[in-house]
Amino acid sequence: MTVDLAERVRAAVAAVTDPELRRPLGELDMVRDIDVHGTTADVGIALTIVGCPAADRIERDVRDAAASVAGIDAVEVHVGVMSPHERKALTEKLRGGRARREMPFGPDSLTRVIAVTSGKGGVGKSTLTANLAVSLAARGLRVGLIDADVHGFSIPGLLGLIDEDGLPPAPTRIDELILPPVAYGVKVISIGMFLRRPGEDAAGAVAWRGPMLHRTVQQFLTDVFFGDLDVLLLDMPPGTGDVAISVGQLLPHADVLVVTTPQAAAADVAVRSGTVARQTGQRVIGVIENMSAMTLPDGTSLDLFGSGGGEAVARALSTEDTDVPLLASVPLSPALRGGGDDGRPVVLTSPADPASRAIDAAAAALSRTPRGLAGRALRVTPSA
């Protein structure tokens, strides 16, 4: 009877999910000895690293899981740490057989990669990217987000990933693997998470040129453990500089979403960013027009930045073989701006806001658009 009870406790504890790795403790080999004495369960677990930031939550969830087993009235949890050999085995398991520093988002990956780009800064590209990611996650998709705007990173703040010191949280590392923090169901990585820490004088500015930028983007794609993703979004820097070239080299199969405003000046340069992406082999899948006309309380319309820019970009990027649609026109919105300042995406806090509805419509279109399978290994084994 005691052995059976111990096995039921083990099963309950093994089903607890590690909040950072998003996998059950049993699958991660983090469950140790479990003994039952009368109605008391002694449960041993091993954390991945010393000082694991999720330690308190894991211990609490393990205690609750063991206590939920019928016949258990008390639980003692004993917390240890994996040995270097165990951590190495874990990282190899998480890589799924891939070699160290091998990118998991190559042409044969089933993860859809979408680079969100713009011709110039200040068009709200990062705000739209953050809200699109959250909207896609709310639809049940597994979503990752790379803040590739290295010089002007803003994704952590837009998603509320700010610690008590007012800084983006430092990611957890398991040896050479980097675990991305999670916000609103989206796994996020940004260069801002690796810069200024409390007590340092630097302002968190990045003064890097091409080679450093390339290595940073490459490390985000190889060393960050996103796990199985349906969609990986990249918030690109504006223009067609070093990072755009690096992403074109590293992810030539990526889809590209172009963001513009209605203003002709923004639309003209937005076309260039889409054209350069296409020259690297990437596919332009759509245009989003931000800061379009908003409806005032008296029913009149305010088109502060003009009109027609999104449609002009979509037409310019369309070809005889490919139609590039205007996926959404997102109106000027105080709620969208305020949500970005507060780190609370408008698609969750104000779903009825016109901007929120437009972003959700774009997310719906993206979730319906099939992945391009050209050049991908379909992993089909012919039957005899």
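Computed from the coordinates by the stated procedures, all read-outs in this text should not be read as laboratory data. Predicted, not measured: the structure shown is a model, and the values here were computed from it. Every residue, glycine among them, receives a Cβ derived from its backbone with ideal geometry; neighbour counts consider all protein chains shown.
What are the residues whose amide H is under 5 Å from the amide H of residue 47, where those residues sit 5 or more places off or on another chain and H is modelled from the backbone?
80, 81, 82
Show me the ranking of peptides 346-356, 86-96, 168-178 by mean Cβ neighbours inside 10 Å, starting with the highest. Write down the numbers at each step before the final one.
On the way: 346-356: 19.2, 86-96: 14.6, 168-178: 17.5.
Result, highest mean Cβ count within 10 Å first: 346-356, 168-178, 86-96.
If I take R0 = 35 Å and measure r between the Cβ atoms of residue 40 and residue 86 in this structure, what FRET efficiency does the formula 1/(1 + (r/R0)^6) give, to the nearest 0.05? Please list the in-between numbers first.
Numbers: r = 27 Å, r/R0 = 0.78.
Efficiency computed from Cβ-Cβ geometry: 0.80.
Which of 109, 333, 318 comes first, and how do the rest follow, when ranked by fewest Cβ neighbours within 10 Å? Could you put the intermediate results ahead of the total?
Working: 109 17, 333 22, 318 14.
Ranking 109, 333, 318 by Cβ neighbours within 10 Å, fewest first, gives 318, 109, 333.
Non-local amide H neighbours of residue 28 (under 5 Å, H modeled in plane, Pro and chain starts lacking H): which ones?
none
Given charges of +1 on the Cβ of Lys and Arg and -1 on the Cβ of Asp and Glu, with all other atoms neutral, how large is the dipole of the chain about its Cα centre, in debye to the nearest 20? Could you put the intermediate results ahead of the total?
Numbers: 37 positive and 46 negative charges, 232 e Å.
For the chain, the charge dipole is close to 1120 debye.
With the dipole of the chain worked out from charges on the C-beta (+1 for Lys and Arg, -1 for Asp and Glu) around the Cα centre, which of 333, 161, 279 lies farthest toward the positive end?
Positive-most Cα among the choices belongs to 279.
Quick check on the exposure proxy: order 30, 103 from fewest to most C-beta atoms within 10 angstrom. Mind showing how you got there, number by number?
Working: 30 25, 103 14.
Listed from fewest to most nearby Cβ atoms, that is 103, 30.
How big, in percent, is the set of alpha carbon pairs in the range 112-368 lying more than 33 Å apart? Could you put the intermediate results ahead of the total?
Values: 4990 of 32896 pairs.
Tail fraction, whole percent: 15.
Going by a ≥ b ≥ c, the root eigenvalues of the Cα gyration tensor, does the range 110-200 fall in the rounded group (a/c under 1.5), the prolate group (a/b larger than b/c) or the oblate group? Show your work: numbers first, answer last.
Details: a/c = 1.70, a/b = 1.23, b/c = 1.38.
Since a/c reaches 1.5 but b/c is at least a/b, the shape of the range 110-200 is classed as oblate.
Given charges of +1 on the Cβ of Lys and Arg and -1 on the Cβ of Asp and Glu, with all other atoms neutral, how large is the dipole of the range 2-82 about its Cα centre, in debye to the nearest 20? Don't skip to the end; give the middle numbers.
Numbers: 8 positive and 15 negative charges, 40 e Å.
Charge dipole of the range 2-82: 200 debye, to the nearest 20.
Can you give the extra length, in nm with one decimal, that the chain gains between residue 15 and residue 77 once fully stretched, where that is 0.36 nm per residue apart less the Cα-Cα distance? Show your work: numbers first, answer last.
Details: separation 62, 0.36 × 62 = 22.32 nm, distance 1.56 nm.
Using 0.36 nm per residue and subtracting the Cα-Cα distance, I get 20.8 nm.
Specify whether the C-alpha gyration tensor of the range 2-82 places it in the rounded, prolate or oblate class, a ≥ b ≥ c being the square roots of the eigenvalues: rounded for a/c under 1.5, otherwise prolate if a/b is larger than b/c and oblate if not.
Working: a/c = 1.95, a/b = 1.81, b/c = 1.08.
Prolate, since a/c reaches 1.5 and a/b exceeds b/c.
Could you derive backbone 3J(HN,Hα) for the range 317-325 from the dihedral phi with the Karplus parameters 6.51, -1.76 and 1.60 (θ = phi - 60°), listing whole Hz in sequence and x where the residue is Gly or Pro?
8, 6, 10, 4, 9, 9, 9, 9, x
Size of the dipole of the range 49-114 about the Cα centre, Lys and Arg at +1 and Asp and Glu at -1 on the beta carbon, nothing else charged, in debye to 20? Walk me through the numbers on the way to the answer.
On the way: 11 positive and 10 negative charges, 110 e Å.
Dipole size: approximately 520 debye.
What is the helix-to-structure angle for 55-67, meaning the angle in degrees between its Cα long axis and the longest Cα principal axis of the chain, kept from 0 to 90 and rounded to the nearest 10?
Relative to the chain, helix 55-67 is tipped by roughly 60 degrees.
Calculated FRET efficiency, residue 32 and residue 110, Cβ-Cβ r, R0 30 Å, to nearest 0.05? Before the final figure, lay out the partial values.
Details: r = 34 Å, r/R0 = 1.15.
E(calc), rounded to 0.05, equals 0.30.
From the residues 265, 3, 170, which one has its Cα farthest along the dipole of the chain in the positive direction, the dipole being from +1 and -1 charges on Cβ of Lys/Arg and Asp/Glu about the Cα centre?
265
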